[in-house]
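Undergrad: The following block contains the structure, expressed as C-alpha cells.
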Amino acid sequence: HLPPGQGFSIYSLASVLPLLAAKQRATHPHDWMSTDAEVACPDPNCPSRLRITRMGMRRFSHAETTAVPLAPGPTQSGVANHAHPAPDTEATSE
C-alpha cells in the first residue's frame, strides 16, 4: 500500500517485472539473483527502489497456470517434470 498522495512510477514496475520469474526459481547461493534484492527505477529523476523478498516455498504446477500441456517424456533426470518447488516472492516499494 502506498501512503496517501504518493504515486508510483510505471518505469519502476517495468524494471522489476522481468526479474520476478527469475527470483522464483531456485538459484545457487552465490548467484546474483540470490543476493541482490533491490531494483532501482531506471529514471534518474525517480528515487524509488523496489525490494523483492522471498516469502516462502510453494509447489508450482504447470497444469494449474496454463492451457498448454507439457510434452510427454522424461526430463534430463529421467523423471517426468510436472511440478516444481518455487519460492513465493513479493515486490515492495521503499
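Undergrad: For region 49-94, what are the residues that are at pLDDT 85 or above and part of a loop (DSSP other than H, G, I, E, B)?
TA: Listed by number, the residues that qualify are 66, 67, 68, 69.
Undergrad: What are the residues in region 55-64 that are surrounded by fewer than 11 Cβ atoms within 10 Å (Cβ to Cβ) and under 15 Å from the mean Cα position of the chain (by Cα), if any?
TA: Passing the criteria: 55, 56, 59.
Undergrad: Same structure again: Consider residue 27 carefully, then state whether it is surrounded by 12 or more Cβ atoms within 10 Å (Cβ to Cβ) and not in a loop (DSSP other than H, G, I, E, B).
TA: no
Undergrad: Do any residues in region 23-41 that are of a type in the set (A, V, I, L, M) have Cβ atoms under 8 Å from those of residues that are in a loop (DSSP other than H, G, I, E, B) and surrounded by 12 or more Cβ atoms within 10 Å (Cβ to Cβ), where the two are at least six apart or on different chains, and which pairs are they?
TA: Going by the 8 Å Cβ cut-off, the qualifying pairs are 33/25; 33/27; 40/48.
Undergrad: From the residues in region 38-54 that are under 20 Å from residue 2 (Cα atoms) and out of contact with any helix residue (DSSP H, G or I) (no Cβ under 6 Å at 6 or more places or on another chain), which one is surrounded by the fewest Cβ atoms within 10 Å (Cβ to Cβ)?
TA: Per the stated criteria, the residue is 45.
The values are calculated or read from the model by the stated rules, or taken from the named source; none is laboratory data. Since the structure is predicted, the reported quantities are computational estimates derived from the model, not experimental observations. Every residue, glycine among them, receives a Cβ derived from its backbone with ideal geometry; neighbour counts consider all protein chains shown.
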